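Asker: The structure follows.
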Amino acid sequence: MSTAARLAGFGAVAVVVFAVALLVGKAAGPVGAGEPAPTHDTHAGAPDVPGDGDHRVHVTPASGAGQPGGLQTARDGYALRLADDRAEAGPAVPVRFTITGPDGEPVTSYDVQHEKQLHLIAVRRDLTGFQHVHPVLRGDTWTTELALTPGSWRIFADFKATGAAALTLGTDLAVDGDFRAATPRGERRTSGVDGYRVTLDGDLSAGADAQLALSVSKDGEPVTDLEPYLGAYGHLVALRAGDLAYLHVHPDGEPGDGTTEPGPEVVFHTTVPSDGTYHLYLDFKHDGVVRTATFTIGAGGTAHGADGAVGHEGDEHGESSGHTH
């Protein structure tokens, strides 16, 4: 048989084999048919990590497992949206914002945490001007007023949408005007405000539970009749220097539980995620007024630039003058 004839024969056989395979494939269905398609459960194996607020957050890889609160404007489908990300300086600047949910619509249903549906923390990026306020929800928009000086401010919304995990979202607010950044302060374990003196005892270590005890005195005498504020005798916020990661700190006990004393010592527990410098802000209530004491301590060593500085009443580092929240 000639070479040309052999090639023609091989071609015919190949066509027949291909046609048969095609018919068999159609009858059997696509590869894997009849078996369930693989699913990807984003919660499977994801760790429970300390969350913001009173709950543990079940974090998925997509939401940044283990990441502290406040670093993201949007997380787990929720987003913090300021009505205006610029403002003029002033003692009572209106601030409006919404929290949108996974469906893109404003969230209007929230669970109460620490006696409020939403806590708003505002701090200038040079870590001065700390404020803790509780906005009012009107329709689908939160409204409040802040005392703002020129500079870049970080705004934190700490909340729990009904049916979802507790979250803290953060965004920046630019305040117009001449701005001069405050000098970074070193380690500070004593803070003075309105005649009160608050001292901090305890150390931070990355990845380990830390107990922090804050003792309040006035005119040299221990304060033993602190008043409940947000369901506790004190409310403490910790911010990591550099990126302002927001860490919620949990108090020991609660007023009226039969064991927790109303001062002079208020005990908190927290776990910091890394070495570095942390700025702490304690809100405490006495004689009907909420005041804020501020501290700076380090984890994994002395706070950056530590100089043993002690806070004094009304100093430039954000001690409260005794305003109510």
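Asker: From the phi angles alone, apply the Karplus equation (6.51, -1.76, 1.60; θ = phi - 60°) to the stretch 158-172 and give each ³J(HN,Hα) in whole Hz, x where the residue is Gly or Pro.
Answerer: Calculated HN-Hα couplings, in order: 10, 7, 9, 5, 4, x, 10, 6, 5, 9, 10, 10, x, 8, 9 Hz.
Asker: Do any trypsin sites (Lys or Arg not before Pro) in the stretch 105-214 lie in a DSSP loop with no more than 12 other beta carbon atoms within 10 Å, and if so, which?
Answerer: Qualifying residues, ordered by number: 180.
Asker: Does the stretch 250-293 classify as rounded, prolate or oblate by the C-alpha gyration tensor (a ≥ b ≥ c root eigenvalues; a/c under 1.5 gives rounded; else a/b over b/c gives prolate, otherwise oblate)?
Answerer: oblate
Asker: Residue 213: net charge of surrounding residues, Cβ under 10 Å, Lys/Arg +1, Asp/Glu -1, itself excluded?
Answerer: With Lys, Arg at +1 and Asp, Glu at -1, the net is -3.
Asker: What does the charge count near residue 296 come to, summing +1 for each Lys or Arg and -1 for each Asp or Glu among other residues with Cβ under 9 Å from its Cβ?
Answerer: Result for the local shell: +2.
Asker: When every alpha-carbon pair in the stretch 72-147 is counted, what percent end up more than 20 Å apart?
Answerer: Across the stretch 72-147, Cα pairs with separations above 20 Å total 34 percent.
Asker: Where Rh is the Kirkwood radius over the Cα pairs of the stretch 143-271, the temperature 20 °C and the viscosity 1.002 mPa s, what D in µm²/s does Stokes-Einstein return?
Answerer: 123
Asker: What are the extents of the Cα atoms of the stretch 48-176 along their three principal axes, in Å, largest first?
Answerer: 40, 32, 27
Asker: Could you please report the charge total around residue 276, scoring K, R as +1 and D, E as -1 over all other residues with beta-carbon less than 13 angstrom from its beta-carbon?
Answerer: Taking every Cβ under 13 Å from that of residue 276, the sum is -2.
Asker: List 109, 217 from most exposed to least, where exposure is judged by having the fewest other Cβ atoms within 10 Å.
Answerer: With the fewest neighbours first, 109, 217 line up as 109, 217.
Asker: Starting from the Cα gyration tensor of the stretch 154-200, take the square roots of the eigenvalues, sort them a ≥ b ≥ c, and report rounded, prolate or oblate (rounded when a/c is under 1.5, otherwise prolate if a/b is larger than b/c, else oblate).
Answerer: Verdict is oblate for the stretch 154-200.
Asker: For the stretch 203-305, what is the relative contact order in percent, using Cα pairs closer than 8 Å and at least 6 residues apart in sequence?
Answerer: Here the relative contact order equals 34 percent.
Asker: Let me ask something else about it. Highest mean first, what order results for 127-134, 145-152, 86-93 on Cβ atoms within 10 Å?
Answerer: 127-134, 145-152, 86-93
Where a number appears in this text, it was derived from the coordinates with a stated rule and is not lab data. A quick note: this is a predicted structure, and the numbers were derived from the prediction, not measured. As a convention, Cβ positions derive from the backbone with ideal geometry for all residues, glycine included, and neighbour counts pool all protein chains shown.
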